[in-house]
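The values are calculated or read from the model by the stated rules, or taken from the named source; none is laboratory data. These numbers come from a predicted model, not from an experiment. When we count neighbours, we look across all protein chains shown, and the Cβ atoms used for this are built from the backbone with ideal geometry, even at glycine. Ligands, DNA and RNA are excluded from the accessible area calculation, which covers all protein heavy atoms including side chains. Shrake-Rupley method; radii C 1.70, N 1.55, O 1.52, S 1.80 Å.
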Amino acid sequence: MHKQIADRLTAWQAQQLRELPWRRDPAGARDAYSVWVSEVMAQQTRLSVVEAYFNRWMEQFPTLEALASADQQEVLKLWEGLGYYSRARNLHRAAQIVVSEFGGQLPRTRAELLTLPGIGEYTAGAILSLAFGQHEPVLDGNAKRVISRLWDIETRIDLRSTENRLWRLSRKMVEAASAPGAMNEGLMELGALVCRRRNPLCHGCPVQSNCLAHGRGVEEERPVRAPGQKVPHLEFAAAIIWEDVPGQSRMLISQRPEPGLLGGLWSFPNGAKEADDEDLQACLRRAVRESLGVAVRVGERAETVEHTFTHFRMTLVAFHARITEGEPQAVGAADWCWTRLNEIEKFPCPVPDRKIIAALRKLAKESQAAT
């Protein structure tokens, strides 16, 4: 059964694989660096979004050596908007290690690949099979769904025992494949296009006759998932701190420390409410003091931003502010600086801050038009 499934997935892949920039190679070979970058970008991100980022990335960092020699801020700026910024930091650091310790060539063994920052079992398997033609398994979310249905796995997908079983089945399939990279790509592509989470297109599936869940009419019940958990909602306040100097129109931004959420990015100083009875203005004064060691006078509200991260939803309210006591210093921040609205684009910023910047630009444009 494993070989039959592998052969059918390989044949289907040859006919149905979508054309994407990291798959374009007239010689048929896949560049390991391109595979690596595309797989990291595609984690928890739609391919329609990834394509534009990948093209810009390869234009700026066409080789692994170019990435290794880049400044981290340049890397984060190019990644801006993709989210999960630790992926970009890990790519950068891993490229530096590959250049210094592996002669600029990605390792060709799973054990060595797994020593690199940000490369886990799935990414290692993708690089080894897609770029080097090795019989190594992959297991992303799409592959998990396909395999869970093929073997009608009734245990919860978040359990370690289920994960181990899925890896074993994936390995048996790829070891039976004549073209392991094509088989793996077919497996993942099938999950993306046909074996969808909801309303799977079973009538167009090349392995429908092999699928135990389809045969039993339970395909939409697989994989079995844990009961949904409520996503917490947090309230944040951000300070647009203006320089208190006549004729100046500069704002203070701070760099977030690493490691941590959005580490290395620049943002308006902000913090989350720590108690239900803490109002946003008090929250902001506390957060700025803890981050930059200064006291501020909080002014009028500038913008309200809603944003969803992986593990929580946020409402971020931005206020205009002025420093009333002290000089900025990197107390809880990694760094800080003054910048003008027309200069802030050079800094890598999180999506919520980019929305605040867009609102400030709109207001500035309206003010110019009024005068």
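Among the residues of the range 315-334, just one is touching a Pro at 6+ places or on another chain (Cβ under 9 Å) and loosely packed, with under 15 Cβ neighbours inside 10 Å, namely Ala330. Going by the conditions given, is Leu116 in a loop (DSSP other than H, G, I, E, B) and among the aliphatic types (A, V, I, L, M)? Answer is yes for this residue. Here the range 124-175 is the region considered, the condition is being in a loop (DSSP other than H, G, I, E, B) and farther than 26 Å from Arg198 by Cα, and the residue that is most open to solvent (accessible area, probe 1.4 Å) is His135. When the range 216-261 is filtered for residues that are of a type in the set (A, V, I, L, M), touching a residue at least 12 places away in the same chain (Cβ under 8 Å), more than 29 Å from Arg87 (Cβ to Cβ) and not in a strand (DSSP E or B), only Val218 remains. Out of curiosity, is Gln4 within 21 Å of Glu74 (Cα to Cα) and open to solvent by 50 Å² or more (accessible area, probe 1.4 Å)? Answer is no for this residue.
When Gly204 is tested against (1) open to solvent by less than 80 Å² (accessible area, probe 1.4 Å); (2) in contact with an Asp or Glu (Cβ under 9 Å, 6 or more places away or on another chain); (3) at pLDDT below 95, exactly one condition is not met: (2). Please go through the range 44-69 and give me each residue that is over 14 Å from Leu20 (Cα atoms) and surrounded by 18 or more Cβ atoms within 10 Å (Cβ to Cβ), ordered by number. Matches in the range 44-69: Trp57, Phe61, Leu64, Leu67, Ala68. Within the range 70-86, is there a residue that is touching a residue at least 24 places away in the same chain (Cβ under 8 Å), open to solvent by less than 50 Å² (accessible area, probe 1.4 Å) and closer than 14 Å to Glu39 by Cβ? Yes, that holds for at least one residue.
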